[in-house]
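Engineer: Next up is a structure, given as structure tokens.
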Amino acid sequence: MRHLMRSRITWFIAAGLLGLSVLISAAQTGRNVDGAQKLKPVFITRLYTGPDGQTHAEEIEAKFTPGATNDIFKMMAISGAELHRAPAGRVSDWHTAPRRQYVITLSGRGELEVSGGKKIAVEPGHIELVEDTTGKGHITRVVGNEPRVTLQLPASDQFGR
């Protein structure tokens, strides 16, 4: 009898937690006043060389346009794709990007440091548009206990945006 009671309590707790997670998820996505789903914006961190020769960062919001089945944000054309894996603790001191490229963190965590000591945390799903091919550059660190795996997508047009 006691075992049956414990099983029911465990089941109710699990069901309650599941229901709570569904409610929290719905609250995080939210809705607009007109009832339409309010979508979380997608940002790309752009690293670029300023007139001062220093690397700066800005957040660019991906502006999606409606497509037949999905909303679409057109990125730059790319010339290929590479997977990179850097071990936990790796620090790439001040360096410029080897080329204009997108860098998308797939797993692990990193930190980018740009001029003025500004640090940008990068986690899985974070998209960077790295364009600081001249100047002082930036520092890249792999933080945490696991390697950072990135997908690097070189831009096919290296001469302008």
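Engineer: Taking amide H positions as placed 1.01 Å from N in the peptide plane, with prolines and chain starts having none, which residues 5 or more places from residue 78, or on another chain, fall under 5 Å of its amide H?
Structural biologist: 156
Engineer: Using alpha carbons only, how many angstrom separate the centre of region 120-136 from the centre of region 66-99?
Structural biologist: 8
Engineer: Can you list the residues of region 74-94 with backbone N under 19 Å from a point 7 Å past the Cα of residue 119, pointing along Cα to Cβ?
Structural biologist: Inside the label zone: 87-94.
Engineer: Can you give me the long-range amide H partners of residue 42? Hydrogens built in the peptide plane at 1.01 Å from N, cutoff under 5 Å, separation of 5 or more residues or another chain.
Structural biologist: It is 62, by chain and number.
Engineer: To continue, here is another question. Compute the Cα gyration tensor for region 51-161, then decide on rounded, prolate or oblate, letting a ≥ b ≥ c be the square roots of its eigenvalues: rounded whenever a/c is under 1.5, prolate when a/b is larger than b/c in the other cases, and oblate in all that remain. Kindly include the intermediate steps, with their values, before the conclusion.
Structural biologist: Details: a/c = 1.73, a/b = 1.27, b/c = 1.36.
Cα axes put region 51-161 in the oblate bin.
Engineer: Place the peptides 82-91, 49-58 in order of packing, highest mean first, counting for every residue the other Cβ atoms within 10 Å and averaging per peptide. Numbers along the way, then the final one.
Structural biologist: Numbers: 82-91: 12.2, 49-58: 15.2.
Packing proxy ranking, top to bottom: 49-58, 82-91.
Engineer: Each residue of region 134-143 in turn: what ³J(HN,Hα) in whole Hz from Karplus with 6.51, -1.76, 1.60 and θ = phi - 60°, glycine and Pro shown as x?
Structural biologist: Values per residue, Gly and Pro as x: 9, x, 6, x, 9, 9, 10, 10, 9, 10 Hz.
Engineer: Please list, ordered by chain and number, the residues whose modelled amide H lies under 5 Å from the amide H of residue 148; skip anything fewer than 5 residues away on the same chain.
Structural biologist: For residue 148, the qualifying residues are 86, 88.
Throughout, read-outs are computed from the coordinates displayed, never taken from laboratory work. Nothing here was measured: the structure is a model prediction, and the numbers come from that model. We place every Cβ from the backbone using ideal geometry, glycine too, and count neighbours over all the protein chains shown.
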